[in-house]
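Participant: Here's a structure for you.
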Number of protein chains: 2
Amino acid sequence: MSEKFIIGVDLGGTNLRLGLLDSRYKLKDKIAFGTKKFIRKEDLIQAIIDSVHKMTSDHALDKKDILGVGLGLPGPINVREGTVHFFPNISGWRDVNLKSILEKKLRLPVFLDNDANLMSLAESKLGAAKGLKNALCLTLGTGVGGGVIINGNIYRGSSFAAGEVGHIPINERGPRCNCGGRGCLEVYVGNQKILRQAKRLFKRDITLEELSRLAVRGNSQAIRVWSKVGMRLGLALAGAVNLLNPDAIVIGGGVAAAGKVLFDQVRETIILRAMSVQAQKVKIYRAKLGPDAGLIGAAILVRDNLEKSHDLQHVT
Amino acid sequence: MSEKFIIGVDLGGTNLRLGLLDSRYKLKDKIAFGTKKFIRKEDLIQAIIDSVHKMTSDHALDKKDILGVGLGLPGPINVREGTVHFFPNISGWRDVNLKSILEKKLRLPVFLDNDANLMSLAESKLGAAKGLKNALCLTLGTGVGGGVIINGNIYRGSSFAAGEVGHIPINERGPRCNCGGRGCLEVYVGNQKILRQAKRLFKRDITLEELSRLAVRGNSQAIRVWSKVGMRLGLALAGAVNLLNPDAIVIGGGVAAAGKVLFDQVRETIILRAMSVQAQKVKIYRAKLGPDAGLIGAAILVRDNLEKSHDLQHVT
């Protein structure tokens, strides 16, 4: 039998990345493009289909060489049905059964999940949380995404919406959040908030990358910004740690580049604010798989689902 | 084969309750006594042993008629080893292997767990959360206890300390909590806090029972106290609901007697503060099994553990 490949897709608010992975989840090739030009949802779907075709033809692969296509998407998904409820940052999507649309056009098995869940799945199977039973994974970016690992598996909750670490409120009368709540973690540690704070301190525009570099080099103002981010993160995580008593918390995404100053503050705040048994247990790790975690998670999703249905066929 | 019974023990900060349950978890008889007079841990352990003997002799039962003894305890427990780490409200206990002590003296299988976990187990198997996959259970008393049900089972976490709903912080600069944190739910909705607030409003001492009765009858000041409690509960639960996306939240304990005014406020706050997909899913239920939930949970714990080891014997 010849080697089988999997196609992973990671759709973000501004970019789409598509990867060809081998059966060991090694990334063989990647396509990336901006999504802003695709105003209508039909055009974006067609762009995904075209990219799958381009990837397979570039590598002279047939349909039979591809196990399936996995997609990580930036919004709530009904994983069982393969339906996108909506995307907070891409308009025009409302209860779209993307799985069945793509399966019809591609004639390949297609599986969808939330992007943060797929990052968590990848970190849990191959990354920083590998071999751990219970973990909480976070991606810090424009928003704060998260995924919950229970007994080594993604825990998706009763309507596939678990893991919203960014929407743990930390202040009763805190600022309004896009989700409709108040004082959610995300309003304090989202990218835009960090950049606004940094601008006030440095009295000029500054990128996240520069802010991270400055902190790593010991700039006290940059350290102040990151310490505050770490403190708020630690505070929300203290509640999650008391509730879930996990082995580890894995933190990834652009913001994690701030490194030691951020991670030390998160650890310190959890020691200070969480209960002793839970705080002593939990390790705080930096995500290992970087920006490809979503593509790897999408491939794992395909493999897991196909193996599950294969097992079921053998049982019945 | 004659019918088998289980002995359940529910140790609180001030009282110990011991029950005889049949194989359908029906409570046949109950003993209760205060624990304050037992200063030394050895005396309290002896009192438990004496009560087990009294219960069996009262009902003319032999050791072979008893499946085992289950204990619900007010503090962190290593469930696997059967060790009490410590009790926040009973001094003199530090890493005591109560399971092995009792098994030696009683010559019966003994299993321990945290009291809130056992209440949650009972509500999940026979009470308000029966048949649901994912739920969060709370007991509101002196403190706020909690248990997490995932896929129909108690989720205990990586060091058996999961479920501490009372220690989700809801205000960054909130009042100090006994756990070492700040602004934990428990500092706002613990019994003492509620009674202090009520005293300020009514300008006299008032019991929780009276405060509940007054609210049920429409007294506006009592309603104000309970609304505030419900709001704070709802706020902490909004974070837990966003994180875990459960089917239901089950609320029990003395404070739950406040009834509709409390539960309506919890529901309203969750709708207002939690994310829409999660808020639409979650039902808020009052606990069904009342003060016997702990004894019933202790009996279920014994049964579950013995069946598990029985299954293992059959496999090997």
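Participant: For the range A:175-291, which fully contained helices (runs of 4 or more DSSP H) count at least 3 residues that are of a type in the set (A, V, I, L, M, F, W, C) and over 19 Å from the mean Cα position of the chain (by Cα)? So that I can check it myself, show each step before the final result.
Facilitator: Numbers: elements: A:185-189, A:191-202, A:208-216, A:220-244, A:260-273, A:276-281.
By residue number, A:191-202, A:208-216, A:220-244, A:260-273.
Participant: Restricting the first residue to the range A:49-76 and requiring it to be without any contact (Cβ under 8 Å) to a residue 60 or more places away in the chain, which pairs with a second residue that is part of a strand (DSSP E or B) and not hydrophobic (A, V, I, L, M, F, W, C) meet a Cβ separation below 8 Å and a spacing of at least six or different chains?
Facilitator: Correct list of pairs: A:M55/A:D29; A:D58/A:D29; A:H59/A:K28; A:H59/A:D29; A:G75/A:N114.
Participant: Does any residue of the range A:296-316 turn out to be over 14 Å from A:L140 (Cα atoms), touching a strand residue (DSSP E or B) at 6+ places or on another chain (Cβ under 7 Å), at pLDDT 95 or above and not assigned by TED's automatic domain parsing to the domain that holds A:L21?
Facilitator: Within the range A:296-316, not a single residue is over 14 Å from A:L140 (Cα atoms), touching a strand residue (DSSP E or B) at 6+ places or on another chain (Cβ under 7 Å), at pLDDT 95 or above and not assigned by TED's automatic domain parsing to the domain that holds A:L21.
Participant: Can you tell which of A:A258, A:A274 is crowded, with 20+ Cβ neighbours inside 10 Å, over 22 Å from A:R156 (Cβ atoms), hydrophobic (A, V, I, L, M, F, W, C) and within 14 Å of chain B (Cβ to nearest Cβ)? Let's see the steps before the verdict.
Facilitator: Working: A:A258 fails: within 14 Å of chain B (Cβ to nearest Cβ).
Of A:A258, A:A274, the one residue that is crowded, with 20+ Cβ neighbours inside 10 Å, over 22 Å from A:R156 (Cβ atoms), hydrophobic (A, V, I, L, M, F, W, C) and within 14 Å of chain B (Cβ to nearest Cβ) is A:A274.
Participant: Right, here's the next one. A:K288 is checked against (1) crowded, with 16+ Cβ neighbours inside 10 Å; (2) more than 13 Å from chain B (Cβ to nearest Cβ) and fails just one. What number does that condition carry?
Facilitator: Evaluating A:K288 over (1) crowded, with 16+ Cβ neighbours inside 10 Å; (2) more than 13 Å from chain B (Cβ to nearest Cβ) leaves (1) as the failure.
Participant: When only residues in the range A:167-198 that are under 22 Å from B:D247 (Cβ atoms) and without any contact (Cβ under 8 Å) to a residue 24 or more places away in the chain count, which is farthest from the other protein chains (Cβ to nearest Cβ)? Quick ask: steps written out before the conclusion?
Facilitator: Restricting attention to the range A:167-198, the residues satisfying the condition of being under 22 Å from B:D247 (Cβ atoms) are A:167-169, A:179-181.
Then keep just the ones that are without any contact (Cβ under 8 Å) to a residue 24 or more places away in the chain; that gives A:167, A:169, A:179-181.
Values: A:H167: 4, A:P169: 5, A:C179: 5, A:G180: 7, A:G181: 4 Å.
Among those residues, the one meeting the criterion is A:G180.
Participant: On to the next question. Kindly provide the set of residues from the range B:153-162 that are among the small types (G, A, S) and either without any contact (Cβ under 8 Å) to a residue 24 or more places away in the chain or more than 11 Å from A:Q278 (Cα to Cα) (or both), ordered by number.
Facilitator: B:G157, B:S158, B:A162
Participant: Shifting gears a bit: Considering only residues that are within 23 Å of A:N178 (Cβ to Cβ) and surrounded by 18 or more Cβ atoms within 10 Å (Cβ to Cβ), which ones fall in the range A:227-242? Break it down stepwise before answering.
Facilitator: Initially, the range A:227-242 is screened for residues within 23 Å of A:N178 (Cβ to Cβ), giving A:228-237, A:239-240.
Within the range A:227-242, A:V229, A:G230, A:M231, A:R232, A:L233, A:G234, A:L235, A:A236, A:L237, A:G239, A:A240 meet the criteria.
Participant: Working only within the range A:125-152, note down all residues that are assigned to a loop (DSSP other than H, G, I, E, B) and either touching a residue at least 40 places away in the same chain (Cβ under 8 Å) or in contact with a helix residue (DSSP H, G or I) (Cβ under 8 Å, 6 or more places away or on another chain) (or both).
Facilitator: Just the residues of the range A:125-152 that are assigned to a loop (DSSP other than H, G, I, E, B), to begin with: A:127-134, A:141-143, A:151-152.
Answer for the range A:125-152, where residues must be assigned to a loop (DSSP other than H, G, I, E, B) and either touching a residue at least 40 places away in the same chain (Cβ under 8 Å) or in contact with a helix residue (DSSP H, G or I) (Cβ under 8 Å, 6 or more places away or on another chain) (or both): A:G127, A:A128, A:A129, A:K130, A:L132, A:K133, A:N134, A:G141, A:T142, A:G143, A:G152.
Participant: Related question: Quick one: would you say B:E42 is farther than 15 Å from B:R107 by Cβ, within 24 Å of the chain's Cα centre (by Cα) and assigned by TED's automatic domain parsing to the domain that holds B:R17? First the steps, then the outcome.
Facilitator: Working: farther than 15 Å from B:R107 by Cβ: yes; within 24 Å of the chain's Cα centre (by Cα): no; assigned by TED's automatic domain parsing to the domain that holds B:R17: yes.
Taking the combined requirement at face value, the residue does not satisfy it.
Participant: Looking at A:V84, is it under 18 Å from A:E307 (Cβ atoms), of a type in the set (A, V, I, L, M, F, W, C) and within 14 Å of chain B (Cβ to nearest Cβ)? Working first, answer last.
Facilitator: Working: under 18 Å from A:E307 (Cβ atoms): no; of a type in the set (A, V, I, L, M, F, W, C): yes; within 14 Å of chain B (Cβ to nearest Cβ): yes.
So A:V84 does not fit the description; no.
Participant: All but one of (1) farther than 23 Å from A:R176 by Cβ; (2) within 14 Å of chain B (Cβ to nearest Cβ); (3) among the small types (G, A, S); (4) buried (at least 24 other Cβ atoms within 10 Å of the Cβ) hold for A:A248; which doesn't?
Facilitator: It fails just one condition, (4).
Participant: Separate question: Can you name the residue in the range B:123-172 that is of a type in the set (D, E, K, R) and touching a strand residue (DSSP E or B) at 6+ places or on another chain (Cβ under 7 Å) and is also surrounded by the fewest Cβ atoms within 10 Å (Cβ to Cβ) among such residues? Break it down stepwise before answering.
Facilitator: Of the range B:123-172, the ones of a type in the set (D, E, K, R) are B:123, B:125, B:130, B:133, B:156, B:164, B:172.
Okay, now just the ones that are also touching a strand residue (DSSP E or B) at 6+ places or on another chain (Cβ under 7 Å), so B:123, B:164, B:172.
Values: B:E123: 30, B:E164: 31, B:E172: 18.
Residue satisfying both the conditions and the ranking: B:E172.
Participant: Report yes if A:S2 is over 23 Å from A:G141 (Cα atoms), out of contact with any strand residue (DSSP E or B) (no Cβ under 9 Å at 6 or more places or on another chain) and polar (S, T, N, Q), otherwise no. Break it down stepwise before answering.
Facilitator: Numbers: over 23 Å from A:G141 (Cα atoms): yes; out of contact with any strand residue (DSSP E or B) (no Cβ under 9 Å at 6 or more places or on another chain): yes; polar (S, T, N, Q): yes.
Answer is yes for this residue.
Participant: Further question on the same structure: Quick test for you: out of A:I206, A:I223, A:I170, A:I194, pick the one residue that is touching an Asp or Glu at 6+ places or on another chain (Cβ under 8 Å) and β-branched (V, I, T). Step through it out loud before you land on a result.
Facilitator: Numbers: A:I206 fails: touching an Asp or Glu at 6+ places or on another chain (Cβ under 8 Å); A:I223 fails: touching an Asp or Glu at 6+ places or on another chain (Cβ under 8 Å); A:I194 fails: touching an Asp or Glu at 6+ places or on another chain (Cβ under 8 Å).
Residue meeting the stated conditions: A:I170.
Participant: Inside the range A:174-226, can you point out the residues that are surrounded by fewer than 17 Cβ atoms within 10 Å (Cβ to Cβ) and either outside the structural domain of A:G253 (by TED's automatic domain parsing) or basic (K, R) (or both)?
Facilitator: A:R176, A:K193, A:R196, A:K199, A:R200, A:K203, A:R204, A:R213, A:R217, A:R224 - these are the residues of the range A:174-226 that are surrounded by fewer than 17 Cβ atoms within 10 Å (Cβ to Cβ) and either outside the structural domain of A:G253 (by TED's automatic domain parsing) or basic (K, R) (or both).
Participant: Would you confirm, using the coordinates I've provided, whether B:A162 is in contact with a Phe, Trp or Tyr (Cβ under 8 Å, 6 or more places away or on another chain) and either at pLDDT 95 or above or not polar (S, T, N, Q) (or both)? So that I can check it myself, show each step before the final result.
Facilitator: Values: in contact with a Phe, Trp or Tyr (Cβ under 8 Å, 6 or more places away or on another chain): yes; either at pLDDT 95 or above or not polar (S, T, N, Q) (or both): yes.
Judged against the criteria, B:A162 is a match.
Participant: State the number of residues belonging to the range B:87-109 that are over 16 Å from the mean Cα position of the chain (by Cα) and either under 30 Å from B:R286 (Cα atoms) or surrounded by 24 or more Cβ atoms within 10 Å (Cβ to Cβ) (or both). Spell out how you get there, then give the answer.
Facilitator: Taking the range B:87-109 as the starting set, the residues that turn out to be over 16 Å from the mean Cα position of the chain (by Cα) are B:90-109.
Then drop every residue that is not either under 30 Å from B:R286 (Cα atoms) or surrounded by 24 or more Cβ atoms within 10 Å (Cβ to Cβ) (or both), which leaves B:90.
Adding up the residues that qualify gives 1.
Participant: Moving to a separate point now. Of the conditions (1) more than 16 Å from B:I296 (Cβ to Cβ); (2) in a helix (DSSP H, G or I), B:A116 satisfies every one except a single condition; which number is it?
Facilitator: Among (1) more than 16 Å from B:I296 (Cβ to Cβ); (2) in a helix (DSSP H, G or I), B:A116 violates only (1).
The values are calculated or read from the model by the stated rules, or taken from the named source; none is laboratory data. The model shown is predicted, which means the values in this text are computed figures rather than measured ones. Glycine also receives a Cβ, built like all others from the backbone with ideal geometry; neighbour counts cover every protein chain displayed.
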